[in-house]
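Presented below is the structure to which this report refers.
The values are calculated or read from the model by the stated rules, or taken from the named source; none is laboratory data. Everything numeric here is computed off the predicted structure, so don't read it as measured data. Please note: Cβ atoms are built from the backbone with ideal geometry, for glycine as well, and neighbour counts cover all protein chains shown. Side chains are part of the model used for accessible areas, which takes the heavy atoms of the whole protein and leaves out ligands, DNA and RNA. Shrake-Rupley method; radii C 1.70, N 1.55, O 1.52, S 1.80 Å.
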Amino acid sequence: QVQLVESGGGLVQPGESLRLSCAVSGITFSAYAMDWYRQHPGKQRELVAGITSRGTTNYRDSVKGRFTISRDNAKNTVYLQMNSLKPEDTAVYYCHTILGLRNYWGQGTQVTVSS
């Protein structure tokens, strides 16, 4: 059974940092690309960052230079380090992977950036 469990969300002030974690089980973690998505209230889920099995990364333009995605294959965990957070980063953040044609999602973790 594939499971993705996010943690690390919370309430922070603008300019502060958070690190999200996603613990993955049920797959050979090192073999799969992993992504972080986010969903603002009333809007569609959007891709924030991705990392391939080889460690190649990509980011949406609005987070480049502020967010860093990484993975620890020994711990079956993918991370999203978020620095210089802005109010517009407020959203529910989801961990995601694809096995074959099936999408797997975590339960999401709320990130709120507010003064």
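Values as computed for the structure displayed
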| item | result |
| --- | --- |
| Close pairs from region 59-79: first under 14 Å from Tyr32 (Cα atoms), partner charged (D, E, K, R) and open to solvent by less than 70 Å² (accessible area, probe 1.4 Å), Cβ under 6 Å, at least 6 apart | Val78/Arg71 |
| 1 or more residues open to solvent by 50 Å² or more (accessible area, probe 1.4 Å) and over 14 Å from Thr77 (Cα atoms): qualifying strands (runs of 3 or more DSSP E) within region 1-66 | 10-12, 34-39, 46-51, 57-59 |
| Complete set of residues in region 82-106 that are more than 21 Å from Ser17 (Cα to Cα), open to solvent by 70 Å² or more (accessible area, probe 1.4 Å) and touching a residue at least 60 places away in the same chain (Cβ under 8 Å) | Ile98, Trp105 |
| Strands (runs of 3 or more DSSP E) wholly inside region 68-115 that include at least 1 residues being hydroxyl-bearing (Ser, Thr, Tyr) and under 11 Å from the mean Cα position of the chain (by Cα) | 77-82, 91-99, 109-113 |
